[in-house]
Amino acid sequence: MGPRKDTQKRRRQDGEGSSRGNEQVQQVHPLASWFNNPKALDTFINKWERRQFVSPRYINFDFIIGRNYRRLIEVIENQGFGTLIVMQNDYYPDLTIASISHMKYSPSNEGGYIECYIGGRYRVVPLTTIANLCGLSMEGYRFMGGIHPRASWGPYQLRTGLNAIGYNETRVGKHRLSVHMISTEMRILHYLITYTLLSRGGNHGIMQHDDVFLMWTMLQDHKICWPFIMVQNMLSLQGRESKHVGYGPVWTRIFEHLGVNLQGYGKVEMGENNLINDRTLRQMRREQEQAPQGVDEVEEEIDRMQQEEQDQQQPQEQVTMDALVREMRSMNQNMQEFRTEVRGHYEAMNTRLERVEGMVQAIQNYIGVEYKPQDDQDDHEN
């Protein structure tokens, strides 16, 4: 033990040890300076580097106001994430994934903070700083231990949440919750949750129970501490190797706040493809759902539809009655023809039977046997 300790001590005094190992790692990977030890870098290379990144989305308030999505506007104002959903700054997928891969969270009286090695230095970022950078509030529910406790979120609570968001389907059970069963307004809210607030990959056309719970909570005007929920969602990715990584614009603001040099790293600009607009609704197959601009337009649309219905009701009824009468007459004529045909076959059969009976009687008279009709024989036997 003695010689080994002396050797390690001598290496530390000579400036070798970890510095030499870091120099070797830096020559291998361009993000080596974002990790404080080779083990963290190795974990990033093996489990994080090939993960897919969730392309962020943003929305303009003119789009929401123009379609008169009043409930959505109320939710945004009450929750206070209006600044976050309109952020369209550039983002750095590689740096974001590297930071989330080894970040840690520590609670505190001020709301907690995250720790990670960023840009060659150990950094501490309070949640209050993230809230200020993204225009969020630290007030609201934190859902410690998960967004909702599984024991208290059963089928009844799920049905209550689905009714609150207007889910138009009676089958819940084990069936997947499709976003096609909710209104366009609620679907845009779900879109903002899955891409921005609770960023994740996978099939965004299927609602998870967590999505329903969050939407129900927001519609009940209960505030949510989004900085805490977002950080917890990032930490949950560390235990799931197949999960997508998001929150690119949020981390860009953190990097800029810390004064990190971002030159030389892969930057992605947000543009028209990241905007939630009419093209997004066409992708949702909701382009035919055009919300009127106001109450007056709604009343005019209702009056127009009622007038058209009244104008078309009488002609449609007349056409329907005439068609019914013609059909009944045709059926009566066909029945008469059928009766005539049956009567003709019956008379022809009787004629043939009479002819046969005459022939049988003639034969019996010729051989001296008394002829009796079939009905008289049966009566005699009985």
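The values are calculated or read from the model by the stated rules, or taken from the named source; none is laboratory data. Predicted model only: the values in this text are computed from it and were never measured. Backbone-built Cβ (ideal geometry, glycine too); neighbour counts: all protein chains shown. We work out accessible area using only protein heavy atoms, side chains counted, and drop any ligands, DNA or RNA first. Shrake-Rupley method; radii C 1.70, N 1.55, O 1.52, S 1.80 Å.
Here Val260, Val250 are screened, and the one residue that is crowded, with 17+ Cβ neighbours inside 10 Å, in a helix (DSSP H, G or I) and not aromatic (Phe, Trp, Tyr) is Val250.
Of the helices (runs of 4 or more DSSP H) lying entirely inside segment 271-382, those containing at least 1 residues that are at pLDDT 75 or above are 278-283, 295-367. Among the conditions (1) part of a helix (DSSP H, G or I); (2) open to solvent by 20 Å² or more (accessible area, probe 1.4 Å); (3) touching a helix residue (DSSP H, G or I) at 6+ places or on another chain (Cβ under 7 Å), the only one that Asp62 does not satisfy is (3). You will find that of Thr96, Thr83, the residue that is assigned to a helix (DSSP H, G or I) and either modelled with pLDDT under 90 or surrounded by fewer than 19 Cβ atoms within 10 Å (Cβ to Cβ) (or both) is Thr83 and no other.
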